[in-house]
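Asks: Shown below is the structure under consideration.
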Amino acid sequence: MVTKRGKGQELWKKAKTIIPGGNQLLSKRSEMFLPNLWPSYYSKASGYKIWDLDDNEFNDFATMGVGSCVLGYADADVNSRVKDSIDRGSMSSLNSYEEVELAEKLVCLHHWADMARFSRSGGEACSIAIRIARAHAKRDKVLFCGYHGWHDWYLSSNIEDATNLNQQLLAGLSSDGVAKNLTGTALPFTYNDLDGFCNLVARHKGEIAAVIMEPMRGSAPNQGFLEGIREITREQGIVLIFDEITSGFRVNFGGVHMTYGVHPDMAIFGKALGNGFPISAIVGTSKVMDAAQGTFVSSTFWTERVGFTAALATLEKYEKRKVHLRLTECGKKINKSWNDIAELTGLDVSISGLEPLTHIDFNYSSGACLQTIYTQEMLKRGHLLGSSVYTTYAYDDEVLEEFHKDSVESFKIIKSAIESGHPERFLISGVKHSGFQRLT
């Protein structure tokens, strides 16, 4: 049971004094889960288990490494291949042959694609794709729908209107430090609003280099939505990019766009690709990808061996074990638990997202407070939990049953908090943050 500050919170307090923002990733800030009580740091992780600095053991129903560890933490098969590659030298003055093998594999999986480029994180992969698209189209403007990272091309959308990105996953993102002359070069559109998209394209006809979007995240595409975007972009010579960093390899063995039969000009993969080892990929048609040879896109550590090796081992296991089927099965069980318990307790909740990346909202004015209570109560019972669950192949039925049982008790406490009229009094500490903000 965690009811007071431990070593992790003390270290987090120190970290905020010597690391701006406390760490390198907003999604891992303690304040995004349970201010002053979230364990913050781990000593080891295996399967779906995490041990904090006080040697408390938790089941991870939070993000499984922000969606990167689909097979589970420290997967023995992937780690064995990676350790061997390290022993044989993870870097040299020559290229890693695994790079070619991974390119061939990804192109084979996505039959519409001919070529691949690699980097080591999702945000930079999106920036690479945008650079290639602009080089190919000889235009500047980008239309986007979804979350695509931290780089200037994306955050520039908030220069003219600071709320432009609020509906794209994270609210409050600041454009401080982004060159003001990028104003108007990145324009948002709303998912499943084809008419709005068409109007935006018409207003900027002849100026648009690319459309980048998540083909699915919070909800499924309406009939004709993706097809309509594909038709319009093809007609106007606009490069269509599907950002599959979050969705890729969760609902099928490849990009979720394959499920809908709509093929982009480029697709971007990350997170699930390396089971926790840094690797991201951009695949595309040779017509578009060849433009990469005319613009400078290059980095030393994009050539190291570990990322390629991890991706090959991860994909091999995905294919052999049909991992996406288990991810979906686990997501369905979690969704059923939430729905059943909400009916039992009379709570009003909404469930959204891909089944392997499912999300719960408490439909009350105090929703953020209630979510924090849920996180707090599940932490007491040995579970890490936020508002979203990235399912993992490592889950077994026993831990899913434990999650259900402990959620029943937590929902009952949430019900009592609502009925009290003062749910904040049920918190040991403060309410979780819901977007980007300064910590100190």
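Asks: Could you list, ordered by first residue, the pairs with Cβ atoms under 8 Å in which the first is in segment 337-364 and without any contact (Cβ under 8 Å) to a residue 40 or more places away in the chain and crowded, with 17+ Cβ neighbours inside 10 Å and the second is among the small types (Gly, Ala, Ser) and part of a helix (DSSP H, G or I), at least 6 apart or interchain?
Replies: 349/342; 358/331
Asks: If you don't mind, another one. Take the residues in segment 258-271 that are out of contact with any Cys (no Cβ under 8 Å at 6 or more places or on another chain) and crowded, with 24+ Cβ neighbours inside 10 Å, then tell me which one is farthest from residue 326 (Cα to Cα).
Replies: Looking at residues that are out of contact with any Cys (no Cβ under 8 Å at 6 or more places or on another chain) and crowded, with 24+ Cβ neighbours inside 10 Å, I get 265.
Asks: Another question, then. Go through the residues of segment 98-121 one by one and say whether even a single one is under 17 Å from residue 292 (Cα atoms), polar (S, T, N, Q) and either more than 20 Å from the chain's Cα centre (by Cα) or modelled with pLDDT of 95 or more (or both).
Replies: yes
Asks: Going by the structure shown, is residue 325 outside any strand (DSSP E or B) and either within 28 Å of residue 168 (Cβ to Cβ) or without any contact (Cβ under 8 Å) to a residue 24 or more places away in the chain (or both)?
Replies: Answer is yes for this residue.
Listed here are the residues, each with its yes/no results for (1) modelled with pLDDT of 95 or more; (2) farther than 30 Å from residue 47 by Cβ; (3) not aliphatic (A, V, I, L, M).
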position: 358; (1), (2), (3): yes, no, yes
position: 365; (1), (2), (3): yes, yes, yes
position: 414; (1), (2), (3): yes, no, no
position: 421; (1), (2), (3): yes, yes, yes
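Asks: Is it true that residue 36 is of a type outside the set (D, E, K, R), modelled with pLDDT under 95, surrounded by fewer than 21 Cβ atoms within 10 Å (Cβ to Cβ) and farther than 27 Å from residue 255 by Cβ?
Replies: Yes; evaluated as a whole, the condition is true for this residue.
Asks: Go through (1) surrounded by fewer than 18 Cβ atoms within 10 Å (Cβ to Cβ); (2) closer than 15 Å to residue 276 by Cα; (3) touching a helix residue (DSSP H, G or I) at 6+ places or on another chain (Cβ under 7 Å) for residue 68 and report which single condition fails.
Replies: (1)
Yes or no, residue by residue, for (1) in the same structural domain as residue 327 (by TED's automatic domain parsing); (2) closer than 29 Å to residue 249 by Cα:
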position	(1), (2)
13	yes, no
20	yes, no
40	yes, yes
47	yes, yes
56	yes, no
62	yes, yes
65	yes, yes
85	no, yes
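Asks: Further question: Which of the numbered conditions does residue 172 fail, given that it passes all the others? Conditions: (1) touching a strand residue (DSSP E or B) at 6+ places or on another chain (Cβ under 8 Å); (2) at positive phi.
Replies: If we test residue 172 against (1) touching a strand residue (DSSP E or B) at 6+ places or on another chain (Cβ under 8 Å); (2) at positive phi, just (1) comes out false.
Asks: I've got another one for you. Quick check: is even one residue across segment 174-194 touching a His at 6+ places or on another chain (Cβ under 9 Å), of a type in the set (Asp, Glu) and either under 26 Å from residue 388 (Cβ atoms) or surrounded by fewer than 21 Cβ atoms within 10 Å (Cβ to Cβ) (or both)?
Replies: No, segment 174-194 contains no residue that is touching a His at 6+ places or on another chain (Cβ under 9 Å), of a type in the set (Asp, Glu) and either under 26 Å from residue 388 (Cβ atoms) or surrounded by fewer than 21 Cβ atoms within 10 Å (Cβ to Cβ) (or both).
Asks: Tally up the residues in segment 197-221 that are modelled with pLDDT of 95 or more and surrounded by 13 or more Cβ atoms within 10 Å (Cβ to Cβ), please.
Replies: Counting residues in segment 197-221 that are modelled with pLDDT of 95 or more and surrounded by 13 or more Cβ atoms within 10 Å (Cβ to Cβ) gives 15.
Asks: If you go through segment 374-381 one residue at a time, do you hit one that is within 26 Å of residue 47 (Cα to Cα) and either in the same structural domain as residue 174 (by TED's automatic domain parsing) or in a loop (DSSP other than H, G, I, E, B) (or both)?
Replies: Yes, that holds for at least one residue.
Asks: State the number of residues belonging to segment 228-237 that are touching a strand residue (DSSP E or B) at 6+ places or on another chain (Cβ under 8 Å) and surrounded by fewer than 24 Cβ atoms within 10 Å (Cβ to Cβ).
Replies: So the count comes out to 4.
Asks: Additional query: Only one of (1) modelled with pLDDT under 90; (2) closer than 18 Å to residue 298 by Cα is not met by residue 161, so which one is it?
Replies: Answer for residue 161: the failing condition is (2).
Asks: Also, quick follow-up: Right, residue 281: of a type outside the set (Ser, Thr, Tyr) and part of a helix (DSSP H, G or I) or not?
Replies: No.
Asks: May I ask you to list the residues in segment 401-437 that are surrounded by fewer than 18 Cβ atoms within 10 Å (Cβ to Cβ), in a helix (DSSP H, G or I) and under 28 Å from the mean Cα position of the chain (by Cα)?
Replies: Answer for segment 401-437, where residues must be surrounded by fewer than 18 Cβ atoms within 10 Å (Cβ to Cβ), in a helix (DSSP H, G or I) and under 28 Å from the mean Cα position of the chain (by Cα): 401, 402, 404, 405, 408.
Asks: Continuing with the same structure: Take the residues of segment 288-315 that are free of Cβ contacts under 8 Å to residues at least 40 places away in the same chain and assigned to a helix (DSSP H, G or I): which is surrounded by the most Cβ atoms within 10 Å (Cβ to Cβ)?
Replies: 293
Asks: Additional query: In segment 221-257, what count of residues is obtained for those that are in a loop (DSSP other than H, G, I, E, B), touching a helix residue (DSSP H, G or I) at 6+ places or on another chain (Cβ under 9 Å) and either charged (D, E, K, R) or more than 23 Å from residue 276 (Cβ to Cβ) (or both)?
Replies: The qualifying residues number 8.
Asks: Taking segment 329-360 as the region of interest, how many residues are part of a helix (DSSP H, G or I) and small (Gly, Ala, Ser)?
Replies: Counting residues in segment 329-360 that are part of a helix (DSSP H, G or I) and small (Gly, Ala, Ser) gives 3.
Asks: Now a separate question. If you take just the helices (runs of 4 or more DSSP H) that sit entirely in segment 110-187, which of them hold at least 3 residues that are farther than 27 Å from residue 235 by Cβ?
Replies: 122-137, 157-160
Asks: Just for segment 338-363: of the residues that are among the β-branched types (Val, Ile, Thr) and in contact with a strand residue (DSSP E or B) (Cβ under 8 Å, 6 or more places away or on another chain), which one is nearest to residue 400 (Cα to Cα)?
Replies: Filtering first and then ranking leaves 358.
Asks: All but one of (1) part of a helix (DSSP H, G or I); (2) surrounded by fewer than 17 Cβ atoms within 10 Å (Cβ to Cβ); (3) without any contact (Cβ under 8 Å) to a residue 60 or more places away in the chain hold for residue 9; which doesn't?
Replies: The failed condition is (2).
The values are calculated or read from the model by the stated rules, or taken from the named source; none is laboratory data. Not measured: the values here are computed from a predicted model. As a convention, Cβ positions derive from the backbone with ideal geometry for all residues, glycine included, and neighbour counts pool all protein chains shown.
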